[in-house]
Amino acid sequence: MPSYKFVNFLWDDAKAATLDPVGRLVYRSNLLGSDQRITNTGGGNTSSKLIEKDPLTGQPVEVLWVKGSGGDLRTSTRENFSSLYQQKLLDLQKLYAARADKGLKSTAEDDMVGMYPHATFNLNPRASSIDTPLHSFIPGKFVDHMHPNAIIAIAASENCEKLTREIFGGEMAYVKWMRPGFELGLAMQEICRANPKVKSIMMGQHGFISWADNDKACYTYTLDCIEKAAAYIEAKYEAKGGDATAFGGPKYQALDESQRRATFAAILPWLRGQVSKQKRFIGTIQDDAKILRFVNSKDAARLAELGTSCPDHFLRTKIKPLYVDWNPQTENLAALKAKLVDGLEAYRKDYAAYYERCKHANSPAMRDPNPTVVLIPGLGMIAWGKDKSESRVTAEFYNCAVEVMRGAEAIDRYVSLPQQEAFDIEYWLLEEAKLKRMPAEKELARQVVVVIGAGSGIGKETAHRLVKDGAHIVAVDLNAEAAQATAKEITDKYGLGIGVAGTGISNCGPAIGLAANITDRASIRAMLDQVALAYGGFDSICVTAGIFVPSDTTGHIPDEKWATTFAINVTGSYLVADEAAKTWREQGLRGNLVLTTSANAVVAKKGSVAYDTSKAAANHLVRELAIELAPLVRVNGVAPATVVQGSAMFPRDRVIGSLAKYHIPYTDDEPTESLVRKLAQFYADRTLTKSPITPADQAEAYFLLVSQRLSKTTGQVITVDGGLHEAFLR
Ligand SMILES: [Zn+2]
């Protein structure tokens, strides 16, 4: 087995032997994608030219299996690969040659993309990638195109061609930067024709492509190239002084970890508000040693301004990040905010100027001019995306860019892609068409909703209901394990997404679980700060936590139980609202607060004096807070009644107690489920709609109130009680 220092050799002959040829392609792709030093999330593609039986003729025919549009090598399955008749792809060259308007970035070139579906083998529905001609026109049977940081470092060096020759001898050819497409495929074909000994090609400002006549050899050779590049870079890097002198050496010192956390928590919701004026963003922070070394360095300002290189990277990171020259040793938080305000304004102006300078007559309209990557000395990086997965990808890509710059500066001088070329990728009509084909965003997309009481019952159901419409969920409960269990159910169901980045809790997926005690202001603040670190801020809060403490057998409630009832059902909701209001005001984005009251708030009953009066107070708290928090936050309440199913407030004992009270027959060994059903039906029969009320019925009301569907409603309480005429609000 070959030994490597800078990549992992993971090929297992025994495993590969169990797979069919397409299975081996998926296997090879997953192995390559699993190592971040080999390729970035969503970046690169792989192919195999295989002999298959043509369904039209029954004859053997050569088929190109190549990773299709979208998807990611690490997580790819068979469905991510397109399959095309290799000969038909080659025949397209005649069609293209006949076009008078052919050429790099021409309409003729883009038109070829529309021809690929005509070459589809066996009705495979996967759309072909823009890189398909690269794989087709290179004669190798197995082809890998990767974006390794070590190779891109060479590709983004001023003297790339010379360095390629020096490091790889003649076996790796060089092609200057060309926007991927038909012309790049033809250029590669020409290189192979002119020099049949060439085994790989360095792609200027982009990555590399390599091939072989069997799949294991292709995989191994890809690793060989990356190993060679990395070894060359690291030797030069160490000789220049290594980490101590990277990026010109340090200009600032990193704040310690607790200071970084506190500063991030203090600025993130505010910054989210600043960058979310057009559309809301979700954040990811990264403050590991590598990022800190970069943001603290003397060269950070210069290098950040140059922007990223690999087209994959800047589609997410934008052409450049916002670097804020704040001195973490001598300046305070207010100075940081002031510098961010100025920096953002300059960035937006700069972006608009770039758009104006580079646009063509048919370019799509200018996109959001806010930065997606913000770099702050002493602190680290903040990356923004439309959801958690995308913001992690953005952060990952800037991590890659930093590695690329480190390598390029170690061996030569880093050069980024010319702005016009960057623009022609960012605003490529094919890219725009791809964006337009994407499904519409879900109703609660780009939103973070904190659900307090999400460990069970209505809260848990609400968390599941909201995530279905695209919300990120912070499941909060007094019981940390219950909160985390709800978050895990959501993450297991919807997946973590792609993108490998984020420090600590910021490395999370679409849901997190946190503990908080809503009777303790400090506990609420600590929880909201964790939310800021995880997602950058929050939009809405649903408080479903509540307590029912029954009176004793004589109908009396002890003082401390009265106090507990009010502490949780009234003061808890108030403290959440009051503490969250600080963050909402900092963030400056519209949000919603939904409290939980009860039908009991308006119906006096024997035996529940504390609970009923606490809920009456909660009803009025809704109205008071609606005035207090207007116009930024709408405040409404949901008044459920007698939800027995899944409720933590109805343990078996209480269910049996109620059944006995209402003279409903049951037996002691009856399963709890059956007892619950009986009680639920008894309650249902007392309502106008005669059906048991479920947590899902309640969750729908919380969904309505955090969505924009009732956007003109505030200070109101919606009853979800099946129709209890005695509880009608008046
Ligand atoms: Zn590429």
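The values are calculated or read from the model by the stated rules, or taken from the named source; none is laboratory data. Quick caveat, the model's predicted, so the values are computed rather than measured. Positions of Cβ are backbone-derived with ideal geometry, glycine not excepted, and every protein chain shown enters the neighbour counts.
So which of MET178, MET188 is in a loop (DSSP other than H, G, I, E, B), within 16 Å of the ligand (Cβ to nearest atom) and out of contact with any Asp or Glu (no Cβ under 8 Å at 6 or more places or on another chain)? Give the derivation first.
Numbers: MET188 fails: in a loop (DSSP other than H, G, I, E, B).
After ruling out the rest, the residue left standing is MET178.
Name the one entry in ASP387, ASP368 that is closer than 24 Å to LEU496 by Cβ, acidic (Asp, Glu) and within 22 Å of the chain's Cα centre (by Cα).
ASP387
Here is a list: PRO439, PRO371, PRO364. Which entry is surrounded by 23 or more Cβ atoms within 10 Å (Cβ to Cβ) and either touching a residue at least 12 places away in the same chain (Cβ under 8 Å) or in a loop (DSSP other than H, G, I, E, B) (or both)?
On the way: PRO439 fails: surrounded by 23 or more Cβ atoms within 10 Å (Cβ to Cβ); PRO364 fails: surrounded by 23 or more Cβ atoms within 10 Å (Cβ to Cβ).
The match here is PRO371.
Yes or no: THR77 under 34 Å from the mean Cα position of the chain (by Cα), more than 15 Å from the ligand (Cβ to nearest atom) and in contact (Cβ under 8 Å) with a residue 40 or more places away in the chain?
So THR77 passes the test.
Restricted to region 286-321, and to residues that are among the β-branched types (Val, Ile, Thr) and closer than 23 Å to TYR535 by Cα, which residue is nearest to the chain's Cα centre (by Cα)? Break it down stepwise before answering.
First, the residues of region 286-321 that are among the β-branched types (Val, Ile, Thr): 291, 295, 308, 317, 319.
Now drop any that are not closer than 23 Å to TYR535 by Cα, which leaves 291, 295, 317.
Working: ILE291: 19, VAL295: 23, THR317: 14 Å.
Checking each candidate, the answer is THR317.
Name the residues in region 549-606 that are assigned to a helix (DSSP H, G or I), charged (D, E, K, R) and more than 39 Å from the chain's Cα centre (by Cα), would you?
Of everything in region 549-606, those that are assigned to a helix (DSSP H, G or I), charged (D, E, K, R) and more than 39 Å from the chain's Cα centre (by Cα) turn out to be ASP559, GLU560, LYS561.
Filter region 197-229 down to residues that are free of Cβ contacts under 8 Å to residues at least 40 places away in the same chain and either on the phi > 0 side of the Ramachandran plot or surrounded by fewer than 16 Cβ atoms within 10 Å (Cβ to Cβ) (or both), then give me how many there are.
Residues in region 197-229 being free of Cβ contacts under 8 Å to residues at least 40 places away in the same chain and either on the phi > 0 side of the Ramachandran plot or surrounded by fewer than 16 Cβ atoms within 10 Å (Cβ to Cβ) (or both): 1 in total.
Please go through (1) out of contact with any Lys or Arg (no Cβ under 7 Å at 6 or more places or on another chain); (2) farther than 14 Å from LEU163 by Cα; (3) of a type in the set (Phe, Trp, Tyr) for TYR232 and return the number of the only condition it doesn't satisfy.
Only one criterion in (1) out of contact with any Lys or Arg (no Cβ under 7 Å at 6 or more places or on another chain); (2) farther than 14 Å from LEU163 by Cα; (3) of a type in the set (Phe, Trp, Tyr) is unmet by TYR232, namely (2).
Scan region 624-666 for residues that are among the hydrophobic types (A, V, I, L, M, F, W, C), closer than 30 Å to VAL576 by Cβ and not in a helix (DSSP H, G or I) and jot them down. Reasoning before the result, please.
Start the filter on region 624-666 by keeping residues that are among the hydrophobic types (A, V, I, L, M, F, W, C), which leaves 625-627, 629-630, 632-633, 635, 638-639, 641, 643-644, 648-650, 655-656, 659-660, 664.
Now narrow it down to the ones that are closer than 30 Å to VAL576 by Cβ: 625-627, 629-630, 632-633, 635, 638-639, 641, 643-644, 648-650, 655.
ALA630, LEU632, VAL633, VAL635, VAL638, ALA639, ALA641, VAL643, VAL644, ALA648, MET649, PHE650 - these are the residues of region 624-666 that are among the hydrophobic types (A, V, I, L, M, F, W, C), closer than 30 Å to VAL576 by Cβ and not in a helix (DSSP H, G or I).
For GLU426, which of the numbered conditions (1) farther than 27 Å from GLY242 by Cβ; (2) modelled with pLDDT of 95 or more; (3) acidic (Asp, Glu) fails to hold?
Failed condition: (2).
Consider LEU729 against the criteria (1) part of a strand (DSSP E or B); (2) at pLDDT below 90: it satisfies all of them except one. Which criterion is unmet?
Failed condition: (1).
Looking only at region 307-336, how many residues end up being away from the ligand (no atom under 16 Å from the Cβ) and surrounded by 17 or more Cβ atoms within 10 Å (Cβ to Cβ)?
Final tally of qualifying residues: 11.
Would you check if there is a residue in region 414-432 being in contact with a strand residue (DSSP E or B) (Cβ under 9 Å, 6 or more places away or on another chain) and buried (at least 22 other Cβ atoms within 10 Å of the Cβ)?
There is at least one residue in region 414-432 that is in contact with a strand residue (DSSP E or B) (Cβ under 9 Å, 6 or more places away or on another chain) and buried (at least 22 other Cβ atoms within 10 Å of the Cβ).
Every residue in region 137-148 that is of a type in the set (A, V, I, L, M, F, W, C) and either more than 14 Å from SER48 (Cβ to Cβ) or within 16 Å of the ligand (Cβ to nearest atom) (or both), please.
Taking region 137-148 as the starting set, the residues that turn out to be of a type in the set (A, V, I, L, M, F, W, C) are 137-138, 142-143, 146.
Result: PHE137, ILE138, VAL143, MET146.
Counting just the residues of region 105-136 that are in contact with a Lys or Arg (Cβ under 7 Å, 6 or more places away or on another chain) and either outside any helix (DSSP H, G or I) or within 16 Å of the ligand (Cβ to nearest atom) (or both), which one comes out nearest to LYS53 (Cα to Cα)?
Looking at the filtered set, the residue picked out is SER129.
Which of the numbered conditions does ALA97 fail, given that it passes all the others? Conditions: (1) surrounded by 23 or more Cβ atoms within 10 Å (Cβ to Cβ); (2) more than 16 Å from the ligand (Cβ to nearest atom).
Among (1) surrounded by 23 or more Cβ atoms within 10 Å (Cβ to Cβ); (2) more than 16 Å from the ligand (Cβ to nearest atom), the lone unmet condition for ALA97 is (1).
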